[in-house]
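Have a look at the structure below before the remarks.
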Amino acid sequence: MELGVLRIANVRNVAAAEIVLCSGVNEFVGPNGAGKTSLLEATYMLSHGRSFRSVKRESLIRLGSGSLDVFTEVRRSGRVRRLGLSRTKSDWAARMDGREVLAIAELLREVAVVCFEPGSHALISGGAEERRHFVDWALFHVEHGYVDVARNYRRALRQRNALLRAGRGDAELDIWDAELVRNAVNLDKWRSNYLDKLSQLVNQLSVNFLPELGASSLSYVRGWGVGLELGEALRERRQRDRERGHTSAGPHRADWRLSFENAPEREHLSRGQEKLSAMICLLAQATLYEQQLGEWPILCLDDLASELDTDHQQRVLQWLEEVDAQVLVTGTSALPKPQLLRRQRAMFHVEQGSVVTLL
Ligand SMILES: Nc1ncnc2c1ncn2[C@@H]1O[C@H](COP(=O)(O)OP(=O)(O)OP(=O)(O)O)[C@@H](O)[C@H]1O
Ligand SMILES: [Mg+2]
């Protein structure tokens, strides 16, 4: 898939920008604080509904402005869709081909953006929520039933937690336990299958990017005791859950971890190796997306040059040379010239929130 025009208004310091992207590698170059990351955040928002950077939504809206707007034309499987997303501090509005979209998921399904940025190491060193989000984002695109199942699961979890806190009886809890289990079975199966497939790609990529660490293995932690059915686990923990007022087992506690032959624990990784591990997972995710859906997601690489040493940058560029993904990459200086000869290239200069097309 690829984005054609990208129109952004009131995203951080970018008051208004219109960019016509090429289908290959689009480079955004400019000094610190120019607005480069902001452009990627706007792009990412079309796929994830939020920024990769801030939890606080309003910080993305330009100071003094009430709302932000992002508009794009996305081309995939031979058709073009016009997508617009607006956000105020408390609400959002989306349009697709001029029509108002009522569920944001409908818009987010149209664009897939995978982004490697300075905060990506959190995928390895951060909390489990980040890693669940990573897997679930892919399931959202691949599994048709995902949205309903995830919603039903969250609802059952909320209900069960409310009953636990209210000290309600076993009969009521049994009903929500059954609902949790029914949805958990699918979530668990999807996540486990996805990570199985991803694991093979991560292995191949780590031979290229982290050969010194030896073979990699990606293990899935499903969120309740090994060898137990979730129903049993919930029954076993019911008393404890009552005391704590929340459900302590289930897919909402799932996680996964990547380890290497020569770095079995994540504490064995250097900061740079953490970043590379996260990048490998993201590139594997993009590759698997292509294998499952027949087209590449858009790849955003924020500040590539300051994140990786020259040798690893070269390896990434070599990798990008061989895939057909549309790429948006930022940096304070241009990528080395002799690289990416096969790919179409476009370059933009960013300064004080303005974007100028250079070539
Ligand atoms: N809500 C906001 N309203 C206005 N300006 C903002 C807002 N949030 C951040 N900024 C400013 O927007 C500018 C752009 O930030 P951005 O992170 O996009 O820069 P960058 O080009 O990626 O810089 P760097 O090379 O340092 O990563 C910064 O000067 C920042 O202070
Ligand atoms: Mg930046």
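222 nm [θ] for the chain, helices only, -39500 (n - 2.57) per DSSP H run of 4+, per residue, to 500?
The per-residue figure over the chain is -14000 deg cm²/dmol.
Per residue of region 228-241, in order, report the coupling 6.51 cos²θ - 1.76 cosθ + 1.60 (Karplus, θ = phi - 60°) as ³J(HN,Hα) in whole Hz, putting x for Gly and Pro.
Calculated HN-Hα couplings, in order: 10, 6, 4, x, 5, 4, 5, 5, 4, 9, 4, 4, 4, 4 Hz.
Got a sec to turn the phi values of region 71-82 into Karplus ³J(HN,Hα) couplings, 6.51 cos²θ - 1.76 cosθ + 1.60 with θ = phi - 60°, whole Hz, x for Gly and Pro?
10, 8, 10, 10, 9, 8, 6, x, 10, 10, 10, 9
Among the lysines, select those whose C-alpha is under 28 Å from the C-alpha of LYS89, and discard any that sit fewer than 8 residues away in the same chain.
Counting by Cα, and skipping residues close in sequence, LYS89 has these lysines nearby: LYS36, LYS56.
Among VAL11, VAL80, VAL55, whose mean-square fluctuation peaks in a Gaussian network model of the chain (Cα, cutoff 10 Å)?
Fluctuation is largest for VAL55.
Nearest 10 degrees is fine. How inclined is helix 170-209 to the longest principal axis of the chain, computing both from alpha carbons?
The helix 170-209 is inclined about 40 degrees to the chain.
Using the reciprocal of the averaged 1/r over all distinct C-alpha pairs, how large is the Kirkwood radius of region 216-344 in Å?
18.1 Å
Among GLU236, GLU129, GLU110, which one shows the biggest mean-square fluctuation in a GNM of the chain, springs joining Cα atoms closer than 10 Å?
Of GLU236, GLU129, GLU110, the Gaussian network model singles out GLU236 as fluctuating most.
Checking the cross-link filter: which lysines have an alpha carbon closer than 23 Å to that of LYS189, excluding same-chain neighbours under 8 positions apart?
Straight-distance partners of LYS189: LYS197.
Taking the highest mean first, how do the peptides 269-277, 208-216 order by number of other beta carbon atoms within 10 angstrom per residue?
269-277, 208-216
Expressed as an acute angle from 0 to 90° and rounded to the nearest 10, what is the orientation of the C-alpha long axis of helix 128-142 relative to the principal long axis of the chain?
Approximately 80 degrees, to the nearest ten.
Rounded to whole Å and ordered largest first, report the semi-axes of the equivalent ellipsoid of the chain derived from its Cα gyration tensor (root of 5λ).
37, 26, 18
On C-alpha positions alone, give me the angle between the axis of helix 36-48 and the longest principal axis of the chain, in degrees, nearest 10.
It is inclined by approximately 40 degrees.
Return the percentage of antiparallel bridges among DSSP beta bridges fully within the chain, rounded to the nearest 5 %.
For the chain, the DSSP antiparallel bridge percentage is about 70.
Is region 1-148 best put as rounded, prolate or oblate by its Cα gyration tensor, with a ≥ b ≥ c the root eigenvalues, rounded for a/c under 1.5, and otherwise prolate when a/b is larger than b/c, oblate when not?
Rounded shape, in that the Cα axes give a/c under 1.5.
Taking the Cα-to-Cβ direction at ASP97 and at HIS246 and moving 7 Å from each Cα, how far apart do the two end points lie in nm?
Placing both labels 7 Å along Cα→Cβ, they lie 4.3 nm apart.
Using amide H atoms built 1.01 Å from N in the peptide plane, name the residues 5+ places from SER51, or on other chains, whose amide H lies under 5 Å from its own.
Correct list: empty.
Using a 1.4 Å probe, what is the accessible area per residue for the chain, in Å²?
So the chain comes to 45 Å² accessible per residue, rounded to a whole number.
Rounded to the nearest percent, how much of the accessible area of region 270-353 (1.4 Å probe, protein heavy atoms only) is carbon and sulfur?
Carbon-and-sulfur percentage of accessible area, whole number: 47.
Could you work out which residue, out of ILE175, ILE280, ILE124, moves most in a Gaussian network model of the chain, that is, has the largest mean-square fluctuation with Cα springs under 10 Å?
ILE175
Along region 281-298, what does the Karplus equation 6.51 cos²θ - 1.76 cosθ + 1.60 (θ = phi - 60°) give for ³J(HN,Hα), rounded to whole Hz, x for Gly and Pro?
Per-residue couplings from phi come out as 4, 5, 5, 5, 4, 5, 5, 5, 4, 5, 5, 7, 10, x, 8, 7, x, 7 Hz.
Of all accessible surface on region 123-256 at a 1.4 Å probe, what whole percent is carbon and sulfur?
Its accessible area is 48 percent carbon and sulfur atoms.
The values are calculated or read from the model by the stated rules, or taken from the named source; none is laboratory data. On a predicted model such as this, the values are computed, not experimentally measured, just so you know. For neighbour counting, all protein chains shown are included, and Cβ atoms are generated from backbone atoms with ideal geometry for every residue, glycine included. All accessible areas refer to the heavy atoms of the entire protein, side chains included, with ligands and DNA or RNA removed. Shrake-Rupley method; radii C 1.70, N 1.55, O 1.52, S 1.80 Å.
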